[in-house]
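The values are calculated or read from the model by the stated rules, or taken from the named source; none is laboratory data. Computed from a prediction, not measured in an experiment: that's the story for all the values here. Note that each Cβ is placed from the backbone with ideal geometry, even for glycine, and that neighbours are counted across all protein chains shown.
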């Protein structure tokens, strides 16, 4: 049996790509975000995209066909190397299609994915990272099972990122008043009924404990209808003096994002301090101070779970550091505010610690500052640049992607410069190796060598005979001749070889 009949107009609308474009995201209600966008330029890149990006094949683009109601002008859509558009309105009152280029967010997404960094959730309250501690030691991925869920679970630590209620600290005054009038006040009756049930459970637990201690049988449980107005008024009065308990009950009833523990109260304070078991407690959420993100903590911009991988260079092998990124110094240091770097279309703060981006007074090992950190560099073409290593990113409550960077090693910088052709390390030319040859020896005839050898032996024999003869002469001569005659010491070279005559 076939499906229901569809009119030709309905079939045309179903097959049209115009209706596959989702509605744009609403404008942020945060007062700071709205004022920041109003003060900035009208052509600036917004912090987050609101419209879907569409494209079209070249053959269809040459005809102006983008799958919309009417063709788009070729003069605008063909004179670009990035055929990416966002549709503000498909059909305006002027009977035109309002569109503009979407290359800003699309190219930022492409450049961010080239960074290959994971998305992490913000640190919890109390997780202080010093300059000597590695930031990546306490990073947790947004895709971990303990935090990547939206349903309310029976857990002591609520790490959800999506709540039914709004983030109160981010709401504008007008939105907050509307929320009170339309959402909070109509539910006062249900909330007071919840408080009655809580009080009944508390009184039931107290009387059961007293009966067990006294050895009496367990009495019947107290119901909410059995409570008097005086008991309920005293309970409400006690809740007004206990901010921790009251906010825990209200936030759980309205499903509000956690705001953290109020100042002056201990963390995870029990709701009913006189009970044996904890029924409720202030939850420790990673979004307790900063607030939950408006979308999934990854923002749909990256899906890497961890950055624990090693790059393998084609020549030098596995690398201890990832390939550094050349960032642009977009803003120098102004007073206590650190300098800002532009990394792949995102603004990041310089790395903390004693490095080339910060000055530590009294430090023994002071390194020269990078160019453009203290003062705006207007002499370098394209602005001052520095090599850094991005290692993670988070999404703040306003939907902005916050990239965190750290200092890289000089060796990694040198290899990165070599890949860009700015330096040369590896020498792939043919090595010229030579083995030294011994000096040629003049060969003499065999007869000449024999004659020299005979002459040498004859000379040695004559020298030996003469010296032996002198020894004999000295042994046989008298003492006075030995002392007076110089020939006895071998000083008279022309002395006769005959022995001296004996004295009579």
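Here is how the numbers come out for the structure above:
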{"item": "Region 378-399 - residue that is at pLDDT below 90 and touching a helix residue (DSSP H, G or I) at 6+ places or on another chain (Cβ under 9 Å) and, of those, nearest to residue 343 (Cα to Cα)", "result": "399"}
{"item": "Residue check for residue 202: assigned to a helix (DSSP H, G or I), over 25 Å from residue 252 (Cα atoms) and out of contact with any strand residue (DSSP E or B) (no Cβ under 9 Å at 6 or more places or on another chain)", "result": "no"}
{"item": "Filter pass, residue 383 being closer than 19 Å to residue 356 by Cβ and part of a loop (DSSP other than H, G, I, E, B)", "result": "yes"}
{"item": "Verdict on residue 418 being more than 23 Å from residue 348 (Cβ to Cβ), at pLDDT 85 or above and not in a strand (DSSP E or B)", "result": "yes"}
{"item": "Which numbered condition residue 126 fails, given (1) in a loop (DSSP other than H, G, I, E, B); (2) at pLDDT below 90; (3) farther than 30 Å from residue 390 by Cα", "result": "(3)"}
{"item": "Matching residues in region 227-254 - criterion: being farther than 17 Å from residue 193 by Cα and either part of a helix (DSSP H, G or I) or in contact (Cβ under 8 Å) with a residue 24 or more places away in the chain (or both)", "result": "243, 244"}
{"item": "Test: residue in region 251-263 that is touching a helix residue (DSSP H, G or I) at 6+ places or on another chain (Cβ under 6 Å) and at pLDDT below 85", "result": "yes"}
{"item": "Pairs where the first residue, in region 81-102, is exposed (fewer than 12 other Cβ atoms within 10 Å of the Cβ) and the second is outside any strand (DSSP E or B), C-beta under 9 Å, 6+ apart", "result": "81/103; 95/70"}
{"item": "Residue satisfying condition, being touching a helix residue (DSSP H, G or I) at 6+ places or on another chain (Cβ under 6 Å), at pLDDT below 85 and either in the same structural domain as residue 398 (by TED's automatic domain parsing) or within 30 Å of residue 201 (Cα to Cα) (or both), within set 239, 270, 246", "result": "246"}
